[in-house]
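Q: I have a structure here, written as structure tokens, and I will follow up with some questions on it.
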Amino acid sequence: MIGLIILSIFITLIILAVLIITNEDLPHSVILFMGFGLGSVILFFLFSAPDVALTEAVIGTGISGVVFLVTLLQIRSKEVKK
Amino acid sequence: MINIKKDISIETLVVSLLVSVMTIMLISLFLNFNEVSSSIGTEILLINEASTGTANAVTSVVTYFRGFDTLGEVTILFLSIFGISLGLEGYKDKLNIFAYENQLLKTAVDTLFPLIILFGFYVIIHGHLSPGGGFQGGVIIASAFLLMFLAKNDDFALNHKIMGLIEALSGASFILIGLLGLLIVNRFFDNFLPLGTLGNLFSGGVIPLIYIFVGLKVSAEITALVEYFVRIKDVE
Amino acid sequence: MSILYFVTIPLLASFLTPFFKDYLRYISVALNSLLLVFALSFMGDTPIREYISFDSALSISFVLDSASLFFVVLFFLIMTLFSLYHLKEESRKDSFILTNMLLASVSGLVLSGDIFNIYIFFEIASITAYILTSLGRDKKAYSGAIRYMIIGSFASIFLLIAIVTIYLNLGTLNLLTISESFFTISQNSQFLIILSLFIGFGIKAEIFPLNFWVVDIYQASSNRVNALFSAILSKAYIFLFFHIAYMLHVDTKYLSFLAVIGVISFAVAELSALSSKDIKRIFAYSTLGQIGVLFIALSSNSIDVISGAIFLIAIHSITKLMLFLSLDILEQKFKSTTIEIFKNFNSLFLVVIFAIGFLSLLGLPPFGGFIAKLTILNGLVGLREYLFVGAILVISLIEAVYFFRLLGSTRVQEPKEDIEIELLPKVLLSLMAIAIVYFGLFPDALLDISKDVATTLIGGADV
Amino acid sequence: MLSSFNQTPFLHDVITVGSLILLTIGLVGALTKKNLFKIFLSLAIAEASLFIYFIGMHFEVGKVAPIVTQEVEKFSLNMVDPVPQAMILTTIVIAIAVLSLALSFVINYFKLTNNMRINEMNELGEGK
């Protein structure tokens with residue numbers, strides 16, 4: 001069963017990665033990137049690496065998502081002002 | 001959604017082709033190599049209980065066997081936040097970017113904030129017994145502050161003096177623990193405290209101590225990072 | 001005495017910066033010179049191998065052999081000169097933290113005997129360099145810093161690929177163990193590891209074709225930062241590149257490939273410098289050219305040639321530090337670095353300094369660069385590598401064209417402006433110039449040390 | 001047929017192919033995209049793929065996490081290798097540090113020039 005789960009997560013991750021890169025809408029990309037992070041968290045958990053999964057969850061997904069989104073907000077605030 | 005005509009140019013094609021060829025070569029290489037049966041990891045698993053007395057082998061690798069990597073990593077975080085702060089010094093009028101009023105969030109955050117901080121400290125001090133540790137707990141604490149920034153807008157400001165003090169002292173104590181090891185046991189980061197019983201909260205010698213300092217430093221740094229990003233405003 | 005102090009003391013100092021307030025400049029001079037003396041006290045005691053926290057290859061090891069000691073001494077010497085140069089100026093928190101971090105990371109890079117630990121110091125050095133590039137805080141600086149970060153991220157991804165492959169194949173991270181068992185892994189994996197290491201370190205060691213970005217970075221940063229980049233950072237990466245190459249006992253075909261790449265690098269850099277109108281860019285191209293020469297020499301696998309290269313590293317570090325610091329004096333006056341400013345200043349002192357620097361870079365007697373190039377060429381002739389000898393001589397002629405053009409333009413009759421130089425910078429610059437002349441006239445002591453270093457470098461894993 | 005899906009060799013093949021495809025996507029994205037924001041996103045994906053590969057290759061079916069709990073009472077070789085996990089833990093933190101520094105540079109650059117595209121970054125070069 002674990003083989004199938006991992007296979008399907010990988011397929012999801014690849015689709016997500018393609019979508020992240022080809023998407024024209026930057027906020028969409030960031031949300032998809034956080035989804036990508038979530039997928040890798042599940043993978044790390046399945047690979048018996050709870051420490052890495054926890055780190056990826058709080059840092060790789062949480063903080064980096066926030067940093068990306070805030071960057072977009074900053075850029076948008078400048079554009080609106082113009 | 002995907003505009004094919006616009007996306008594909010000659011450059012894209014060439015680069016994709018090159019990188020894909022490289023990947024196919026890599027895959028064919030990686031698919032048939034024999035993994036080694038013994039690595040430093042397996043040896044560490046065998047001696048971990050006797051030499052460090054922690055229940056979590058990953059923690060003992062991070063803080064003990066490869067403690068110097070962790071020192072470098074904390075340094076990198078420190079440097080990166082320092083770089084961000086340098087870039088933003090010139091901007092005046094630092095206001096919160098989230099212009100957002102929500103009474104529900106404001107009320108809820110008063111209850112949630114101490115709970116999240118408590119959870120963060122729990123994760124830090126149980127780093128040698130269960131998954132988690134300084135980095136994870138530190139970021140959890142920082143996320144509590146992020147929630148405060150979201151909910152309270154400009155009513156909530158950090159005391160930079162205290163933040164800087166926590167950061168400097170925890171980083172310095174991390175190195176000082178290492179130097180104490182050098183002076184007492186003649187090896188950097190070596191254990192100079194009793195190991196205790198495996199599975200107890202007070203066990204593992206200096207490892208919980210190191211993780212507490214790492215946790216304090218990481219929480220102060222990630223909080224500063226979030227604050228910098230949240231409060232950048234335009235140059236007028 | 002522990003060799004870890006070279007890394008931990010600068011780190012500790014930069015963590016404690018908030019407590020030092022206005023004394024930063026004095027502390028940095030004291031710290032650098034004390035560590036320099038401390039490094040010199042290790043002479044004759046090498047090699048030393050020290051483990052951290054656990055006494056076996058399971059933990060991280062640090063190695064001080066005569067090669068890494070040479071580089072540590074060189075870095076602390078350069079940094080002592082650099083911090084003395086700033087003694088009369090206002091204390092600056094940013095330069096204190098960044099120079100200390102740079103020192104900690106480069107000493108870590110040359111001392112560490114663990115491949116993943118090297119990756120960590122690689123990242124510290126990279127981030128320090130990014131921040132140093134962005135210090136100007138204008139659009140030029142940020143543009144340079146962003147490019148640097150993109151290219152640097154590629155370097156760290158490839159380095160990570162190499163580390164992952166090594167761990168999967170050998171199950172260890174210790175460089176000594178890796179060097180002993182590297183030949184046991186399959187040819188294909190060896191090729192992959194060597195290629196990834198070449199890309200990862202090659203980007204940072206500024207070697208053709210991975211150096212297209214370097215000149216822009218030099219243009220974006222200030223002259224003082226460039227002095228550090230050219231005198232310390234690139235030297236650390238070159239040492240690391242060849243240290244690992246000789247540790248892994250790579251095949252001679254890879255080494256001759258590196259030599260050819262060195263020739264191309266030298267030629268391309270000097271040809272580009274010929275058409276450049278910006279002194280910063282010209283100096284950057286000249287650094288790239290010297291790195292090409294170093295690659296030709298260091299990949300020769302012969303002690304005679306490599307000792308010339310080590311000599312060249314020492315002389316080139318001092319020369320580039322001197323040249324960039326003098327260019328900084330000019331830039332503060334004219335707010336520009338085009339070659340026009342060479343026609344407009346009136347200062348015999350600076351002209352002499354520039355002349356000594358240029359002639360030494362060209363390899364003319366009686367300067368240090370001459371001895372270095374002579375040793376390299378002699379060694380190459382001994383190896384019957386006449387092609388490389390010819391290439392170095394021909395390309396040096398191109399180098400001569402633009403350096404003499406620059407020197408000649410100082411004598412052009414145009415309205416001149418006087419330049420006042422304070423006493424301390426003057427003394428330090430003349431000290432560096434005297435050192436260059438001294439090593440040109442009495443090279444024996446340094447040559448002996450270089451020979452020792454070269455032997456250790458080739459021996460690689462003998463420790 | 002289905003039972004072979006749960007064997008370690010098959011798993012390792014899936015991990016190798018999957019994460020290297022992710023690496024390719026990341027590298028191609030970083031090399032071809034013009035938007036700075038997209039470039040750093042792509043680099044983050046490429047790094048994440050390496051993390052997945054490294055952790056995945058040290059997992060074998062039936063191995064447990066290297067932590068002593070009520071169920072697993074002793075350290076043994078039936079646990080996954082802790083060293084790659086520690087290394088990746090370190091690398092994840094480094095990656096976020098570099099990423100946030102890069103994004104702060106991008107913000108500062110954008111505020112000065114109103115430009116986010118790498119092919120229009122022409123401040124540097126001969127004669128500038």
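Q: Check every one of the helices (runs of 4 or more DSSP H) wholly within segment B:1-87 and list those with 1 or more residues that are at pLDDT 75 or above and within 7 Å of another protein chain (Cβ to nearest Cβ).
A: Qualifying helices (runs of 4 or more DSSP H): B:10-31, B:40-51, B:57-60.
Q: Next question, about the same structure. Being of a type in the set (A, V, I, L, M), at the interface with chain B (Cβ under 10 Å from one of its Cβ atoms) and in a helix (DSSP H, G or I) is the filter here; which residues of segment C:127-163 pass it?
A: C:127, C:131, C:132, C:141, C:145, C:161 - these are the residues of segment C:127-163 that are of a type in the set (A, V, I, L, M), at the interface with chain B (Cβ under 10 Å from one of its Cβ atoms) and in a helix (DSSP H, G or I).
Q: To continue, here is another question. From the residues in segment C:402-426 that are among the aliphatic types (A, V, I, L, M) and exposed (fewer than 12 other Cβ atoms within 10 Å of the Cβ), which one is farthest from residue C:84 (Cα to Cα)?
A: C:412
Q: Now for a different question. Select from segment C:11-26 the residues that are out of contact with any Leu (no Cβ under 8 Å at 6 or more places or on another chain) and of a type in the set (Val, Ile, Thr) and list them in ascending order.
A: Correct list: empty.
Q: Could you figure out which of (1) open to solvent by less than 40 Å² (accessible area, probe 1.4 Å); (2) without any contact (Cβ under 8 Å) to a residue 24 or more places away in the chain isn't true of residue B:20?
A: It fails just one condition, (1).
Q: Taking the stated definitions as given, is residue C:91 assigned to a loop (DSSP other than H, G, I, E, B) and in contact (Cβ under 8 Å) with a residue 24 or more places away in the chain?
A: The answer is yes for residue C:91.
Q: If you check every pair at least six apart or on different chains, which have Cβ atoms under 6 Å apart with a residue in segment C:113-142 that is aliphatic (A, V, I, L, M) first and a residue that is assigned to a strand (DSSP E or B) second?
A: C:118/C:112
Q: Checking the conditions here, which among C:268, C:352 is within 21 Å of residue C:204 (Cβ to Cβ), open to solvent by 20 Å² or more (accessible area, probe 1.4 Å) and more than 14 Å from chain D (Cβ to nearest Cβ)?
A: C:268
Q: Quick check: is even one residue across segment D:31-42 in contact with a Phe, Trp or Tyr (Cβ under 8 Å, 6 or more places away or on another chain), open to solvent by less than 10 Å² (accessible area, probe 1.4 Å), in a helix (DSSP H, G or I) and more than 7 Å from every other protein chain (Cβ to nearest Cβ)?
A: No.
Q: Still on this structure: Which numbered condition in (1) modelled with pLDDT under 85; (2) closer than 26 Å to residue B:197 by Cα; (3) surrounded by fewer than 18 Cβ atoms within 10 Å (Cβ to Cβ) is the only one that residue B:90 fails?
A: It fails just one condition, (2).
Q: Say whether the condition of being touching a Phe, Trp or Tyr at 6+ places or on another chain (Cβ under 7 Å), under 28 Å from residue B:225 (Cα atoms) and at pLDDT 85 or above is met by at least one residue in segment D:72-86.
A: yes
Q: Out of the residues in segment D:76-121 that are within 7 Å of chain B (Cβ to nearest Cβ) and either in contact with a Pro (Cβ under 7 Å, 6 or more places away or on another chain) or acidic (Asp, Glu) (or both), which is surrounded by the fewest Cβ atoms within 10 Å (Cβ to Cβ)?
A: D:79
Q: (1) modelled with pLDDT of 90 or more; (2) under 17 Å from residue C:115 (Cβ atoms); (3) under 27 Å from the mean Cα position of the chain (by Cα): which one isn't true of residue C:176, the others all being true?
A: Only one criterion is unmet by residue C:176, namely (1).
Q: Could you please let me know if residue B:163 is without any contact (Cβ under 8 Å) to a residue 60 or more places away in the chain and surrounded by 16 or more Cβ atoms within 10 Å (Cβ to Cβ)?
A: The answer is no for residue B:163.
Q: List every residue pair whose Cβ atoms lie under 6 Å apart, where the two residues are 6 or more positions apart in sequence or sit on different chains, the first residue falls within segment C:393-409 and is part of a helix (DSSP H, G or I), and the second residue, located anywhere, is charged (D, E, K, R) and open to solvent by less than 90 Å² (accessible area, probe 1.4 Å).
A: Going by the 6 Å Cβ cut-off, the qualifying pairs are C:395/C:270; C:398/C:270; C:399/C:270; C:409/C:343.
Q: Could you list, ordered by first residue, the pairs with Cβ atoms under 8 Å in which the first is in segment C:322-342 and under 22 Å from residue C:424 (Cβ atoms) and the second is buried (at least 16 other Cβ atoms within 10 Å of the Cβ) and among the basic types (Lys, Arg), at least 6 apart or interchain?
A: C:324/C:224; C:325/C:224; C:327/C:280; C:328/C:224
Q: Could you say whether any residue in segment C:105-113 is among the polar types (S, T, N, Q), surrounded by fewer than 24 Cβ atoms within 10 Å (Cβ to Cβ) and not in a helix (DSSP H, G or I)?
A: The answer is no, given that none of the residues of segment C:105-113 is among the polar types (S, T, N, Q), surrounded by fewer than 24 Cβ atoms within 10 Å (Cβ to Cβ) and not in a helix (DSSP H, G or I).
Q: Report, ordered by the first and then the second residue, all pairs with beta carbons closer than 7 Å, sequence separation of six or more or different chains, a first member in segment C:152-176 that is under 23 Å from residue C:207 (Cβ atoms), and a second member that is not in a helix (DSSP H, G or I).
A: C:175/C:113; C:175/C:114
Q: If residue A:37 passes every condition in (1) open to solvent by less than 50 Å² (accessible area, probe 1.4 Å); (2) without any contact (Cβ under 8 Å) to a residue 40 or more places away in the chain; (3) at the interface with another protein chain (Cβ under 7 Å from one of its Cβ atoms) but one, which one does it miss?
A: Unmet condition: (3).
Q: Kindly provide the set of residues from segment A:40-64 that are more than 9 Å from every other protein chain (Cβ to nearest Cβ) and modelled with pLDDT of 90 or more, ordered by number.
A: Matches in segment A:40-64: A:41, A:42, A:45.
Q: Here's a follow-up. Within segment C:1-40, work out how many residues are out of contact with any Asp or Glu (no Cβ under 6 Å at 6 or more places or on another chain), open to solvent by less than 20 Å² (accessible area, probe 1.4 Å) and more than 12 Å from residue C:80 (Cβ to Cβ).
A: 12
The values are calculated or read from the model by the stated rules, or taken from the named source; none is laboratory data. Source: prediction; values computed, not measured. Ideal geometry is used to build each Cβ from the backbone, glycine not excepted, and the neighbour counts take in all protein chains shown. To get the accessible areas, we keep the full protein, side chains included, count just its heavy atoms, and leave off ligands, DNA and RNA. Shrake-Rupley method; radii C 1.70, N 1.55, O 1.52, S 1.80 Å.
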